[in-house]
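A short worksheet on the structure shown next.
None of the figures in this text is laboratory data; all of them are computed from the coordinates on show. Source: prediction; values computed, not measured. Cβ coordinates were reconstructed from backbone atoms using ideal geometry, including for glycine residues, and neighbour counts include every protein chain displayed.
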Amino acid sequence: MTALIQAEHITHSFGEKIILEDISFTVEQGEVIGLLGPSGAGKTTLVNILTGQLKAREGNVRIRTEGDGSRDPAGITDSARPVKAGKKQLVTGVMMDSLGLYERLSVWDNLRIFADIYRVPVSRIEKLLDRTQLRSARNKTVNRLSKGMRGRVNLCRALLKEADILYLDEPTSGLDPSTIWKIHQLIGEEKQSGTTVFLTTHNMHEAQALCDRIMLLHEGKIVEQGVPRDICARHDSRREIEVTLQNGERHSIPNARESQGILSEWIREEKVRSIHSSEPDLEKVFLEITGRRLSD
């Protein structure tokens with residue numbers, strides 16, 4: 001079956017600065033795919049292109065409908081058949097890192113404005129206020145909310161349309177652990193309902209916890225992609241052995257054949273107190289490939 005989203009050779013620049021270079025990938029229906037990279041890597045620019053808010057200088061994006069037709073994000077669907085039963089066309093929801101809420105209006109008024117634009121019944125707002133635990137804040141103006149609550153309002157807005165594809169740009173950036181947990185729970189619920197989720201983040205743990213597949217983005221290029229555990233397995237040379245000697249000294253030894261001699265010698269001489277194997281993770285993989293950390 002054709003992928004739900006197919007990006008082919010996306011390249012974009014602002015002036016002389018190349019932001020994205022030859023980006024190609026597919027997204028299958030119902031999966032959560034993560035775009036993982038540090039700030040400034042080009043994640044938001046790619047989301048803007050995928051959602052039709054920005055036209056790429058080169059390349060194209062095709063989005064399939066249930067009838068195997070496809071459309072450009074900013075264009076017209078080739079097939080009128082729905083992705084979900086009862087819908088006339090594919091529906092997208094977008095949550096950008098920049099809030100875009102009306103600061104002087106209440107939570108309820110903000111959501112009511114967008115519900116009217118999307119032609120969504122008020123009952124949908126009521127359900128989402130409960131799901132996002134915002135009912136007690138419905139009459140508060142946005143400028144009186146904490147950053148965590150603002151994040152939940154923004155996600156609530158993105159969920160108004162019961163989207164087939166949900167684009168979430170850094171949905172938990174700078175939020176407190178409690179709010180992060182709530183947002184992760186909501187994303188999991190959307191996946192269970194069959195929604196396709198495209199998530200950008202610079203948080204390795206978030207990507208591993210939520211995503212079926214990830215893409216590592218560095219300086220506008222995808223440098224690795226796949227299932228998180230498979231990516232780590234491909235870079236197993238980064239596995240390290242942590243050795244503590246009887247005298248208290250600690251050593252990190254690469255898990256490579258040339259490093260085994262010294263370990264064998266320590267064991268023969270009964271110098272070893274403990275040995276611990278350190279598995280590679282996405283942070284180490286990204287550091288190996290790019291020479292920088294995700295948090296940089």
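Here are a few things to note about the model shown:
- Residue-span extension gain [THR141 to LEU245] - 0.36 nm each, minus C-alpha spacing: 31.5 nm
- Note on ASP212 and ILE262: their simple-model spin labels are 4.4 nm apart, each label 7 Å out from Cα toward Cβ.
- All other residues whose Cβ lies under 13 angstrom from that of ILE180 are scored, Lys and Arg at +1 and Asp and Glu at -1, for a net of 0.
- GLU58 long-range amide H proximity, modeled H, under 5 Å: THR11
- Per residue, the convex hull around the alpha carbon atoms of the range 122-277 comes to 180 Å³.
- Exceeding the 21 Å Cα-Cα cut-off - candidates LYS182/LYS221; LYS17/LYS43; LYS17/LYS221: LYS182/LYS221
- Expressed as a whole percent, the proportion of Cα-Cα pairs in the range 95-161 lying more than 19 Å apart is 19%.
- Across the range 178-189, rounded Karplus estimates of 3J(HN,Hα) from the backbone phi angles (6.51 cos²θ - 1.76 cosθ + 1.60, θ = phi - 60°) give 5, 5, 4, 4, 5, 5, 4, 4, 5, 5, x, 5 Hz, Gly and Pro being marked x.
- For the pair SER274 and LEU287 in one chain, pulling the backbone fully straight at 0.36 nm per residue adds 2.0 nm over the alpha carbon distance.
- Using θ = phi - 60° in the Karplus curve 6.51 cos²θ - 1.76 cosθ + 1.60, the 3J(HN,Hα) couplings for the range 30-36 round to x, 9, 9, 10, x, 9, 10 Hz; x is entered for Gly and Pro.
- Take the Cα of SER193, go 7 Å toward its beta carbon, and the backbone nitrogen atoms of the range 149-163 under 17 Å from that spot belong to 152-163.
- Computed packing ranks the peptides 112-124, 12-24 as 12-24, 112-124, most packed first, by mean other Cβ atoms within 10 Å.
- Structural descriptor for the range 95-161: relative contact order 48 percent, calculated from alpha carbon pairs under 8 angstrom and at least 6 residues apart.
- In this structure, the amide hydrogen of ILE19, modeled 1.01 Å from its nitrogen in the peptide plane, lies closer than 5 angstrom to those of HIS12, SER13, PHE14, counting only residues at least 5 positions away or on a different chain.
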